[in-house]
Amino acid sequence: MSTSASPLLSLPGAVEVESALNPLDAGLVWHFGDPFAEQRRLADGVGFADASNRGVLRISGADRLSWLQSLVTQDVDPLPPGHEVEALLLSAQGRVEHAFFLRDDGDVTWLHCEAHDKEPLIAFLDSMRFLLDVQVSDVSDLWLCVWRAEQYELCERSGFDAATLIDRWGPPAGVWAREALRIASGQPRLGLETDHRTIPHEVGWIGSAVHLNKGCYRGQETVARVHNLGHPPRRLVLLHLDGSADDALPAHATAITMDGDEVGWIGSAEQHFELGPIALGVVRRTVPLEASLLVGAVSASQEEVVAVDAGNARARETVREFKRRV
């Protein structure tokens, strides 16, 4: 993990992340004094948010894209210059081990990932290079990420000038604003909405990070089997929390219960400028959408992110074909 502090902490009004609700972003800017206004601006595509702790890798060599194509869940050969995609690396059993974003500039491929996953990811990638013309370099101390308009931008740390970004994009925002919008849009995050058993179908990564019509990669058999024949055992949900009882938000891994039985757990929670207190949770697939849930001691209602009937595409196609015939 890079030891470089966020350069945005030196800006006026910056408040550093200290909350246990955000275990992956300690040391970044939490907010600049008005987190709801920061959310509104980001939602309107104005401004940028701190993401400067992400790991940044530079992948060079003539074989880089064909090599990545053989490993990742995304179709990256070819990857048009400047186009960013999300991708995963899976275990042989189809469980999510790494998640990251890729962007090629025509000469090298840039990868950025969660800070806690950088070292394990580098170790895996290095173990898979063999005799190919591929080099993987950790450049996290040279480059940093900021988040804007639903995507990440890379900036050089040397000579980083926040004033230039403010002139170009608008005022900065903290992690609070970035995370509130992410949670509201149902986007999972490695290490928060995932555990050692997560498969892509459970958290909505099919389509966004998993291309269903590309060549072989490790774990593809599980992806295809669940997509065509089965259902994922769990599903990601957006939870609307009762905000009348307490201002405190549930911490990561807080249990979700239904009628006294534990049916899932919380990944992330945040106060949203329009929706109030919200959270992303992972629950059993069979939990009814209309069920009354408790997050710790707080009442919660569900909004579907991953469909209850996710997967089993072949069966649904058979039903559709039958209905067309009759």
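Read the figures in this text as sums done on the coordinates, not as results from a lab. Just so it is clear, the structure is predicted and the values come from calculations on it, not from any experiment. Cβ: placed from backbone, ideal geometry, glycine included. Neighbour counts: every protein chain shown.
Structural remarks
- Kirkwood Rh, angstrom, the chain [1 / mean 1/r, Cα pairs]: 20.9
- Cleavage-rule hits (chymotrypsin sites (Phe, Trp or Tyr not before Pro)) in the range 68-143: DSSP loop, at most 15 neighbouring Cβ within 10 angstrom: F130
- Other residues whose C-beta falls under 10 angstrom from the C-beta of R40 contribute a net charge of -3, scoring Lys and Arg +1 and Asp and Glu -1.
- Between E303 and E221, the FRET efficiency from the beta-carbon distance, with R0 = 30 Å, is close to 0.40.
- Cβ-Cβ distance of S10 and E86, R₀ of 25 Å, FRET efficiency by 1/(1 + (r/R0)^6): the value works out to about 0.25.
- Sequence-distant residues sharing a close amide H with V263 (under 5 Å, placed H): I256, T257, M258
- Paramagnetic reach from N213 in the range 285-316 [backbone N under 17 Å; point 7 Å along Cα→Cβ]: 313-314
- Pairwise centroid distance, computed over Cα atoms, of the range 279-309 with the range 195-259, Å: 12
- Most tightly packed first, judged by the mean number of other beta-carbon atoms within 10 Å of their residues, the peptides 32-43, 131-142 read 32-43, 131-142.
- Hull-based mean projected area of the range 233-307, where the convex hull spans the alpha carbons, in square nanometres: 4.6
- Our summary of shape: the Cα atoms of the range 61-186 have principal axis extents of 46, 32, 26 Å, ordered from largest down, in whole angstrom.
- Residues E84, E262, ranked from the fewest to the most other C-beta atoms within 10 Å, line up as E262, E84.
- The distance from the alpha carbon centre of the range 10-55 to that of the range 140-194 is 8 Å, rounded to a whole number.
- Calculated log₁₀ intensity ratio I(q)/I(0) where the Debye formula runs over C-alpha points of the range 31-123, q = 0.13, 0.19, 0.22 Å⁻¹: -0.56, -0.94, -1.09
- Over the chain: helical MRE at 222 nm, DSSP H runs n ≥ 4 each giving -39500 (n - 2.57), nearest 500: -6000 deg cm²/dmol
- Net charge of the neighbourhood of R54, taken over other residues with C-beta under 15 Å away and scored Lys/Arg +1, Asp/Glu -1, is -4.
- Hull-based mean projected area of the range 107-249, where the convex hull spans the alpha carbons, in square nanometres: 12.9
- Positive contributions from Lys and Arg (+1) and negative ones from Asp and Glu (-1), summed over other residues with Cβ under 14 Å from the Cβ of P81, come out at -3.
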